[in-house]
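The values are calculated or read from the model by the stated rules, or taken from the named source; none is laboratory data. This is a predicted model, so every value here is computed, not measured. Quick reminder, even Gly has a Cβ in these numbers, built from the backbone with ideal geometry, and neighbours come from all protein chains shown.
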Amino acid sequence: MPTPLTIRPLLPTDLAAVLRVQAACYPPAMQEAAAVVNARLAAAAATCLAASDADGVCGYLFAYPSRLGRVTDLGSTFELAPDADTLYLHDLAVDPRALGRGLARALVEHLLDLGRGLGLTHAALVSVQDSTRFWNGFGFAARATNDAGLLTYPPGATYMTRMLALKS
Ligand SMILES: CC(C)(COP(=O)(O)OP(=O)(O)OC[C@H]1O[C@@H](n2cnc3c(N)ncnc32)[C@H](O)[C@@H]1OP(=O)(O)O)[C@@H](O)C(=O)NCCC(=O)NCCS
């Protein structure tokens, strides 16, 4: 029987676990460097979350305040927008050992509530690894962007957005 899940702020001490989950979830070409992951957490700790159970961290979600239409290049640090209107979800991953237990839903719903609390009007992301249907389930829909950052992702990457005011 799986132990209960906790959703909490991501901490610098979680870095090794984050890298382990990342390695299990993405191909080599999409692995992002430890220093970049660390810098993102330092820049946006208020909007980066961990999911953990009795065996430790088994999922994470990195996000930060941005602008609608803007994409974070793969492998680059977060540049928080002073005039942010959008919660940008950069990376959501769940350890294969914990799939299908509602971790991703718990992380995303917790984060979207944080975004509402920050007064942001939209949420956005780049869907990879055939995840558009997954994101549709959270109210996200594909939207055009002319941000060249989208080209730093593998083919099939899709920019998606939703309004934040309404719950998914
Ligand atoms: C996608 C991912 C985050 C799902 O994690 P999870 O904890 O198993 O998801 P949950 O159990 O919280 O499921 C949430 C909902 O999404 C649905 N879902 C899960 N995986 C799905 C998929 N691959 N396609 C479509 N829907 C999916 C579930 O049925 C569930 O629906 P419900 O809440 O309406 O019943 C996980 O498979 C993962 O980490 N993948 C690798 C990294 C990745 O590609 N991340 C997305 C990059 S944009």
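Can you find even one residue in segment 97-112 that is away from the ligand (no atom under 15 Å from the Cβ) and either among the β-branched types (Val, Ile, Thr) or at pLDDT below 95 (or both)?
Within segment 97-112, not a single residue is away from the ligand (no atom under 15 Å from the Cβ) and either among the β-branched types (Val, Ile, Thr) or at pLDDT below 95 (or both).
With respect to the numbered conditions (1) part of a helix (DSSP H, G or I); (2) in contact (Cβ under 8 Å) with a residue 40 or more places away in the chain; (3) within 14 Å of the ligand (Cβ to nearest atom); (4) surrounded by 17 or more Cβ atoms within 10 Å (Cβ to Cβ), which one is the sole condition not fulfilled by Tyr159?
Result: Tyr159 fails condition (1) only.
For Asp91, are the conditions met, namely being more than 8 Å from the ligand (Cβ to nearest atom), within 27 Å of Ala42 (Cα to Cα) and touching a Phe, Trp or Tyr at 6+ places or on another chain (Cβ under 9 Å)?
In short, no.
Which residue out of Asp113, Asp130 is among the acidic types (Asp, Glu) and more than 25 Å from Thr6 (Cα to Cα)?
Asp130
When you scan segment 76-88, how many residues do you find that are within 15 Å of the ligand (Cβ to nearest atom) and out of contact with any helix residue (DSSP H, G or I) (no Cβ under 6 Å at 6 or more places or on another chain)?
Going through segment 76-88 one residue at a time, the tally reaches 1.
Tell me, yes or no, whether segment 89-97 has at least one residue that is within 20 Å of Ser131 (Cα to Cα) and touching a His at 6+ places or on another chain (Cβ under 7 Å).
no
Within segment 113-139, count every residue that is more than 10 Å from the ligand (Cβ to nearest atom) and hydrophobic (A, V, I, L, M, F, W, C).
Residues that pass the stated criteria total 5.
What number of residues within segment 131-150 satisfy the criterion of being farther than 18 Å from Val108 by Cα and not β-branched (Val, Ile, Thr)?
Of the residues in that region, 7 qualify.
Can you pull out every residue in segment 59-75 that is touching a helix residue (DSSP H, G or I) at 6+ places or on another chain (Cβ under 9 Å), within 16 Å of the ligand (Cβ to nearest atom) and not acidic (Asp, Glu)?
Gly59, Tyr60, Leu61, Phe62, Ala63, Tyr64, Val71, Thr72, Leu74, Gly75 - these are the residues of segment 59-75 that are touching a helix residue (DSSP H, G or I) at 6+ places or on another chain (Cβ under 9 Å), within 16 Å of the ligand (Cβ to nearest atom) and not acidic (Asp, Glu).
Can you spot a residue in segment 21-31 that is touching a helix residue (DSSP H, G or I) at 6+ places or on another chain (Cβ under 7 Å), at pLDDT below 95 and either over 21 Å from Gly115 (Cβ atoms) or not in a helix (DSSP H, G or I) (or both)?
yes
So, Val126, is that one β-branched (Val, Ile, Thr) and not in a loop (DSSP other than H, G, I, E, B) or not?
It is true that Val126 is β-branched (Val, Ile, Thr) and not in a loop (DSSP other than H, G, I, E, B).
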